[in-house]
There are 2 protein chains.
Amino acid sequence: MTETSTKPKGRVAQRQLRNREALVDAGHRVMSEKGIDAATMQEIADLADVGAGTVYSYFRSKDELAIAVIERVMRSLALRIEAVTDTFSDPGQVYAFGVRTVMEAATGDIRWKQLLNRAEVIADAMFRCMGPFAIRDLENASRAGRFKVTDAALTWKMATYSIVGVSLAVTCGSLPRSVIQETVVRLLCATGIGEADARELAARPRPALPKG
Amino acid sequence: MTETSTKPKGRVAQRQLRNREALVDAGHRVMSEKGIDAATMQEIADLADVGAGTVYSYFRSKDELAIAVIERVMRSLALRIEAVTDTFSDPGQVYAFGVRTVMEAATGDIRWKQLLNRAEVIADAMFRCMGPFAIRDLENASRAGRFKVTDAALTWKMATYSIVGVSLAVTCGSLPRSVIQETVVRLLCATGIGEADARELAARPRPALPKG
DNA sequence: TTACGGAATCGAATGTCAGTCAATCATGAA
DNA sequence: TTCATGATTGACTGACATTCGATTCCGTAA
């Protein structure tokens, strides 16, 4: 600590930012490695280089930390999706792309696998973090006459749980990854678009996601 | 123990049946009272009038006991539904009635409320226990040209998670009970029937369920 | 009826954690 | 430099799920 440079903001505030960041980071690493339940607060605190008790001045409970971890994953994915879809013209396609991409991420990235138990936690985080986009898309597409949705929030809530359930089954190996296609079709059907249109929409080629 | 009457079957086998039954019973009572996590094996064992260690000669873990409890609830509900719907002629209506009834039960009976956390457990039990009926109905309705389902198991899996998610939100008070109607409509849309037909099907009057 | 081997049961003991708290330490204002 | 504030620490507590050696109970055979 001989050559600490004076920072524009207070030292405490800086450290708190670092600590919260480090904790979410460590939580993410440990929880996606061994699962939320098997992760211990001790290991997370150690990895974040923080006392075991300190965690509780940032997060009220282990569950709250888990939620923070998951929300970060969701928010980051939502932004990456948004970056691609804001060039789309068909609002229905925006929703289709979003849904599809979330499923690919959830089933493709090993780090999601362990998070996927605790379905309510994941689904709720997905609802909150991606909801603003998804609900907006559902409403846009409905206004455009493409979808027939009366309660976009409800439709999105149902979609999140379905996505989590199917993803869980896929990562467990009880369903093949190929069901993703049909899952998207079903989610589109649920928007009130016809089955044929849903199938067409789900089959469209889609651009790659920017890396994250 | 002076006047034990000799039973037709071995004493041990009889007691084992009683014990398993008593444990699932006690588990049901305690878990639906305070929630699966807050229920302690000690309390359940006490209520079943059995040593704490004995539980583990019937169920490998607390989770396995919880699953047994939930499966019993599901199976019983499935049978009660089946008793009503086998008089229906429209196969689509059978599915609609089933879905609707499960939601009413899940959101209406206080004893479900606490079970509803652990969404994966509930949804999986629902998938297994009611799946044989639901999948059959989906396939019947598809064969009749009413629904357009290619993978009935997948459609049912998605439905179970949606049902659990919405029910959870309703029992938490974050959604009004009135969303049940629209949820049924969406689940019917997901079968590939059109939106208008879905709405009509969901709006039909339905007979009462036999008590359980 | 009595004796015996093994299965079923018991419940105290174990180990693991999440979460607490009294003692320290660092920060920044005066 | 001094000191009050509040952030941090890590040993500790309490709660449980699960285990395991001791004990009881059954069914059988003499």
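Some notes on this structure:
- Some residue of the range A:133-148 being among the acidic types (Asp, Glu), part of a helix (DSSP H, G or I) and either free of Cβ contacts under 8 Å to residues at least 40 places away in the same chain or closer than 24 Å to A:Arg29 by Cα (or both): yes
- Test: residue in the range B:73-87 that is out of contact with any Pro (no Cβ under 8 Å at 6 or more places or on another chain) and within 13 Å of DNA strand C (Cβ to nearest atom): no
- Subset tally (residues that are under 26 Å from B:Ala123 (Cα atoms) and touching a residue at least 12 places away in the same chain (Cβ under 8 Å)) for the range A:168-201: 17
- Every residue from the range B:161-196 that is charged (D, E, K, R) and either part of a helix (DSSP H, G or I) or at the interface with chain A (Cβ under 7 Å from one of its Cβ atoms) (or both): B:Glu182, B:Arg186, B:Glu195
- Residues that are surrounded by fewer than 18 Cβ atoms within 10 Å (Cβ to Cβ) and more than 15 Å from DNA strand D (Cβ to nearest atom) number at least 1 in the following helices (runs of 4 or more DSSP H) confined to the range B:1-98: B:11-34, B:62-85.
- Check on B:Arg136, more than 10 Å from every other protein chain (Cβ to nearest Cβ) and out of contact with any Gly (no Cβ under 8 Å at 6 or more places or on another chain): yes
- Among the candidates A:Ala134, A:Ala144, the residue that is surrounded by 21 or more Cβ atoms within 10 Å (Cβ to Cβ), at pLDDT 95 or above and assigned by TED's automatic domain parsing to the domain that holds A:Ala198 is uniquely A:Ala134.
- Residues of the range B:170-212 that are at pLDDT 95 or above and of a type in the set (Lys, Arg): B:Arg177, B:Arg186, B:Arg199, B:Arg204.
The values are calculated or read from the model by the stated rules, or taken from the named source; none is laboratory data. Being a predicted model, the structure only gives us computed values, none of them experimental. Please note: Cβ atoms are built from the backbone with ideal geometry, for glycine as well, and neighbour counts cover all protein chains shown.
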